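None of the figures in this text is laboratory data; all of them are computed from the coordinates on show. Computed from a prediction, not measured in an experiment: that's the story for all the values here. A quick note on method: Cβ atoms are made from the backbone with ideal geometry, for glycine too, and the neighbour counts reach across all protein chains shown.
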Amino acid sequence: MNRARLLTDASLHARAIADAGYSPPSAGAIPAPGESVLATLKLAVWTMRQGDFISDHDMKVANWAAYALCAAT
């Protein structure tokens, strides 16, 4: 596609949306699953490590990912 044409079309579309009264959605809180889901994920990670499906490093990364998904801020 022609980049100049693509930019022009996008600009026209953005102006049309703005003229129609668009306002961005409010940034609300994202609910986190909590302690019970964190415990379930940690158990799954531990089970995979005991079965030698993942390494110690994989376990460390997976536990941090589980914490990031489940921890409420």
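General observations
- Potential lengthening of the chain between Tyr22 and Thr47 amounts to 4.1 nm, from the contour at 0.36 nm per residue minus the alpha-carbon distance.
- In this rough spin-label picture, where each label sits 7 Å from Cα along the Cβ direction, the Leu69-Ala39 distance is 1.8 nm.
- Note on the chain: the alpha carbon radius of gyration divided by the globular reference 2.2 N^0.38 Å gives 2.00.
- Residue-wise HN-Hα couplings along the range 14-23, as the Karplus relation 6.51 cos²θ - 1.76 cosθ + 1.60 with θ = phi - 60° gives them from phi, are 5, 5, 5, 5, 5, 5, 7, x, 5, 9 Hz; Gly and Pro carry x.
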